[in-house]
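J.: Handing you a structure now.
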Amino acid sequence: MKKSLLALALLGAFTASAFAEPSVTLYGRIDTGLVYTHKNQDNTAGSTDTFSMDSGVTTGSRWGLKGSEDIGNAKVGFVLESGFNSDDGTSGQNNRLFGREASISVSGGFGTLSFGRLPIFGRVLGANGLFRAIDPLFANYTSAFGSGAATASMWTRTDNSISYRTPTYAGLTGYAMYSFKMNTATDTGTEGKSSSDRYASLAARYQNGGLEGILVADTTMYGSYRTGTDIPDQGYTVTLGGNYGFNNGFKIIAFGQYFHDQELTARARAGVGFAGLNAITGGKGYGYVDGWGIGVGAHYPVLGGTAKVAVNYRDM
């Protein structure tokens, strides 16, 4: 009886695979560069000059697996993406195996629903990285450039997340996301409870001809596991921006963000003055900040490539 059931199960699996024709892709990218950086921080840390080999100068080094299967009225897919440092071979994202993304999704006429460790909307990463519309450089370029140095959106990805993208109607697409526990690597609270950091976001994208506009709002609900007397209940950001492309290939890009009680401790988001600020504050960094940031930029095709320029300003 057991042998018959096993044979039947194997036959069923073979038949399903034969009709579904699932596909799996192995992909990756290695980005290593030599970087010279001069910082004049105008404080007790003074100026510094460094020459180093860095990983992820333009985009983060990674390898991954992604696949999908058509199940009739919908499609099921997955992404497993691992980040690593190509200069020394170590894993990125707090030493996670699939720290860049680990998700499963189902999509159809109703939109796309995803689960797992996901990039947030307020970044240039993943399928729903809406900041691609407002970041002129769309790259790391050390800690000096990019939209992250003009905003206070410290998070890049969140664990334990549910994300939904609507179908597009008349050029308008809606987005929603919630994380039950943002960072299992450092958060000691209980998932889904107020003891953990939780995250929520709503966003919209509009496309019409050469015009693309986005609106992203998010909130971080700080967990009670955090110690201290000056920790707010939550922080939030609101970002509005977009771009317009002309027929000759010239594109103008602009954005603005308002933020309140946002934690800003990550070096990549804090900007070039982070080391100097740490020297003044005894390693505490910015902490929780209020303020605003703006950025403007442009693209123009030159010699078969694209010339890019960006100017950012942040006050907090």
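J.: Any residue at all in the range 137-145 that's aromatic (F, W, Y), under 14 Å from the mean Cα position of the chain (by Cα) and closer than 26 Å to G209 by Cα?
T.: If we filter the range 137-145 for residues that are aromatic (F, W, Y), which is where we start, we get 138, 141, 145.
With the extra rule that they be under 14 Å from the mean Cα position of the chain (by Cα), the set shrinks to 138.
With closer than 26 Å to G209 by Cα added as a condition, the list becomes 138.
Yes; the residues of the range 137-145 include at least one that is aromatic (F, W, Y), under 14 Å from the mean Cα position of the chain (by Cα) and closer than 26 Å to G209 by Cα.
J.: Among Y222, Y178, Y169, which is farther than 30 Å from V309 by Cα and touching a Pro at 6+ places or on another chain (Cβ under 8 Å)?
T.: Criteria check complete, one pass: Y222.
J.: Follow-up. Quick one: in the range 208-225, which of the residues that are over 21 Å from the mean Cα position of the chain (by Cα) and touching a residue at least 24 places away in the same chain (Cβ under 8 Å) is least open to solvent (accessible area, probe 1.4 Å)?
T.: If we take residues in the range 208-225 being over 21 Å from the mean Cα position of the chain (by Cα) and touching a residue at least 24 places away in the same chain (Cβ under 8 Å), then G223 is least open to solvent (accessible area, probe 1.4 Å).
J.: Right, here's the next one. Which residues, taken from the range 280-294, are of a type in the set (A, V, I, L, M, F, W, C) and either in contact (Cβ under 8 Å) with a residue 40 or more places away in the chain or open to solvent by less than 50 Å² (accessible area, probe 1.4 Å) (or both)?
T.: Matches in the range 280-294: I280, V289, I294.
J.: When you scan the range 69-121 for strands (runs of 3 or more DSSP E) that lie fully inside it, which ones turn up with 2 or more residues that are open to solvent by less than 20 Å² (accessible area, probe 1.4 Å)?
T.: 74-83, 111-119
J.: Moving on to the next point. Please indicate, with yes or no, whether at least one residue in the range 7-25 is under 30 Å from V79 (Cβ atoms), at pLDDT 80 or above, assigned to a loop (DSSP other than H, G, I, E, B) and open to solvent by less than 100 Å² (accessible area, probe 1.4 Å).
T.: no
The values are calculated or read from the model by the stated rules, or taken from the named source; none is laboratory data. Bear in mind the structure is a predicted one, so any value in this text is a computation, not a measurement. Note that each Cβ is placed from the backbone with ideal geometry, even for glycine, and that neighbours are counted across all protein chains shown. These area figures cover heavy atoms from the full protein model, side chains too; ligands, DNA and RNA do not enter into them. Shrake-Rupley method; radii C 1.70, N 1.55, O 1.52, S 1.80 Å.
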